[in-house]
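Novice: The following block contains the structure, expressed as structure tokens.
Values quoted throughout were computed directly from the atomic coordinates according to the rules given, and no laboratory measurement underlies them. Remember, predicted model here, so these are calculated numbers, not experimental data. Using ideal geometry, Cβ is built from the backbone for each residue, glycine included, and neighbour counts are taken over all protein chains shown.
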Amino acid sequence: MTSSDTAVVRPGEELDLRSLAAYLRGQLECGTGVSPADLRLEQFAGGHSNLTYLIRFGAEQFVLRRPPVGPVAPTAHDMPREFRLLQALHPHFSLAPRPILLCEDTAVIGVPFYLMERRHGLIVRDNIPSEIGDDETRRRRVSEAVVDTLAALHAVDIYATELAEIGKPVGFVGRQVRGWSERWLRSKTSEVVEMDQVMEWLGERIPSELNMGATIVHNDFKLDNIMLDPRDPARVVAVLDWEMCSVGDPLIDLGLLLCYWTLQSADEQQSLHAVTSGPGWMTRAEIIERYERLTGRDLSQIVFYETFARFKVAVIIQQIYFRYDRGQTRDERFRHFDRLVLELAKDAVKGLGY
């Protein structure tokens with residue numbers, strides 16, 4: 001990440017630096033002879049889920065990942081699982097950062113956490129980096145690199161590499177629909193009829209698993225989870241945020257990418273907005289065509305996966321809003337997330353016959 005991606009730690013999300021430094025001195029080779037005062041901490045500003053920090057310890061730099069502050073949903077924000085998943089995946093998909101150290105001792109900073117290598121590059125979030133700028137050819141090449149990276153991830157043989165053991169490929173989509181529906185029911189703070197309509201529609205249309213080989217599923221594959229080379233932005237240097245990774249139907253990933261890939265059109269969804277609405281970026285139809293050509297997969301039911309993606313994103317945002325509504329976080333970014341949930345739900349039901 002670039003230096004501009006870090007900032008001072010947000011209030012309420014500080015770490016016990018003395019305890020952390022003492023622990024790292026005993027665990028890292030670079031810690032020998034390093035004073036606790038030499039530990040510097042900054043926070044990566046992006047993301048609304050797990051907290052991510054830049055650790056400067058002597059001459060070395062690491063990325064620290066920990067769960068959010070306050071109560072979290074059962075089985076969510078599992079740092080040991082995420083660490084071990086990266087251990088298994090990194091040798092077969094080098095764009096997944098190398099994990100370095102797992103700490104399950106909650107006496108250190110109060111929660112489990114892990115360190116991974118720091119990679120440097122551009123992340124496209126709310127603004128287009130100057131290295132891409134208004135160059136439409138470069139935007140097109142970045143678009144192609146995103147699709148190609150997803151196809152490469154889905155080309156990893158989960159059975160030959162034993163990665164199939166990180167999840168249960170059979171019945172994956174059905175479990176996803178049921179699981180996210182249950183999360184919605186547990187976290188909703190008001191009735192949203194559109195969410196009920198989408199749950200019903202999805203439950204009645206689970207795609208057949210025949211002829212759809214299971215792959216690694218990142219489960220949060222989108223442009224701002226991809227790091228680009230500043231010297232050549234069309235070259236991907238890392239894929240980030242593996243918290244929800246599993247194995248199953250790869251079109252779950254494609255549906256989510258399409259959900260976040262917004263376009264400039266009056267007929268497009270109104271809930272999510274991204275830089276891809278500008279000129280030069282690939283259209284969703286072009287993304288579908290390129291992925292289909294690279295993988296040979298049948299995308300005739302892609303509407304299901306896009307609809308599920310919008311529903312899932314709405315639930316994730318509702319879970320964050322639930323924590324804000326219950327006073328479990330003071331982050332003012334979340335104050336109006338209930339409105340975004342409603343907008344996403346309305347987008348999801350468009351064209352579903354309601």
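Novice: Could you list which residues have their amide H under 5 Å from that of ARG235, counting only those 5 or more apart in sequence or on another chain, with H placed in the peptide plane?
Specialist: ASP229
Novice: Another question, if that's okay. Taking square-rooted eigenvalues a ≥ b ≥ c of the alpha carbon gyration tensor, is region 3-117 rounded, prolate or oblate, where a/c under 1.5 means rounded and, failing that, a/b exceeding b/c means prolate?
Specialist: Numbers: a/c = 1.36, a/b = 1.12, b/c = 1.21.
The shape class here is rounded.
Novice: Treat every Asp and Glu Cβ in region 180-232 as -1 and every Lys and Arg Cβ as +1, leave all other atoms uncharged, and give the resulting dipole magnitude about the Cα centre to the nearest 20 debye.
Specialist: Numbers: 6 positive and 11 negative charges, 28 e Å.
So the magnitude is around 140 debye.
Novice: While we're here: For LYS346, list the lysines whose Cα falls under 24 Å from its own Cα; do not include residues on the same chain fewer than 8 positions away.
Specialist: Within the straight-line limit of under 24 Å, LYS346 reaches these lysines: LYS188, LYS222, LYS312.
Novice: May I pose another question? Taking H as built 1.01 Å from N, whose amide H comes closer than 5 Å to the amide H of ALA96, not counting residues under 5 places away?
Specialist: VAL239
Novice: Taking θ as phi - 60°, what are the ³J(HN,Hα) couplings along region 285-298 by the Karplus curve (6.51, -1.76, 1.60), each to the nearest whole Hz, with x for Gly and Pro?
Specialist: Running phi through 6.51 cos²θ - 1.76 cosθ + 1.60 with θ = phi - 60° gives 4, 5, 4, 4, 4, 5, 5, 4, 5, 6, 10, x, 7, 7 Hz.
Novice: Taking the Cβ of each residue in CYS30, CYS103, CYS259 as the centre, tally the other Cβ atoms inside 10 Å and list the residues starting with the fewest.
Specialist: Values: CYS30 14, CYS103 22, CYS259 25.
Neighbour counts put them in this order, fewest first: CYS30, CYS103, CYS259.
Novice: Can you sort THR161, THR329 so the residue with the fewest Cβ neighbours within 10 Å comes first? Display every interim value, and only then the final one.
Specialist: Working: THR161 15, THR329 21.
The order, fewest Cβ neighbours first, is THR161, THR329.
Novice: Continuing with this model, one more query. Nearest 10 degrees, 0 to 90: what angle lies between the long axis of helix 136-154 and the longest principal axis of the chain (Cα atoms)?
Specialist: Taking Cα atoms only, the helix is inclined about 90 degrees.
Novice: At a 10 Å Cβ-Cβ cut-off, how would you order MET244, MET195, fewest neighbours first? Let's see the in-between values first.
Specialist: Numbers: MET244 16, MET195 24.
Fewest to most other Cβ atoms nearby, the residues stand as MET244, MET195.
Novice: Another question, then. Around ARG56, under 9 Å between beta carbons, what's the net of Lys plus Arg minus Asp minus Glu among the other residues?
Specialist: Numbers: positive: ARG40; negative: ASP38, GLU42, GLU60.
Overall, the nearby charge balance is -2.
Novice: Cβ under 10 Å from HIS218's Cβ, HIS218 left aside: what net charge do those residues give with Lys, Arg +1 and Asp, Glu -1? Could the numbers behind the result be given before it?
Specialist: Details: positive: LYS222; negative: ASP220, ASP241, GLU243, ASP253.
Surrounding charge for HIS218 is -3.
Novice: Still on this structure: Kindly express, to the nearest 10 degrees and within the range 0 to 90, the angle between helix 193-203's C-alpha long axis and the longest C-alpha principal axis of the chain.
Specialist: Once rounded, the angle reads 80 degrees.
Novice: Which of these values of Rg and Dmax of the Cα atoms in Å was calculated from the structure shown: (1) 20.4, 67; (2) 24.7, 86; (3) 22.0, 74?
Specialist: Given (1) 20.4, 67; (2) 24.7, 86; (3) 22.0, 74, the structure-derived one carries the label (1).
Novice: What is the angle, in °, between the Cα long axis of helix 79-89 and the longest principal axis of the Cα atoms in the chain? Nearest 10 is fine, range 0 to 90.
Specialist: 80
Novice: Roughly how big is the chain's charge dipole about its Cα centre, with Cβ charges of +1 (Lys, Arg) and -1 (Asp, Glu), in debye to the nearest 20?
Specialist: 480
Novice: Counting only other residues whose beta carbon sits under 11 Å from that of GLU82, what net charge do I get with K and R as +1, D and E as -1?
Specialist: Values: positive: ARG65, ARG66, ARG81, ARG84; negative: ASP78, ASP241, GLU243.
Spelling it out: positives minus negatives among the neighbours equals +1.
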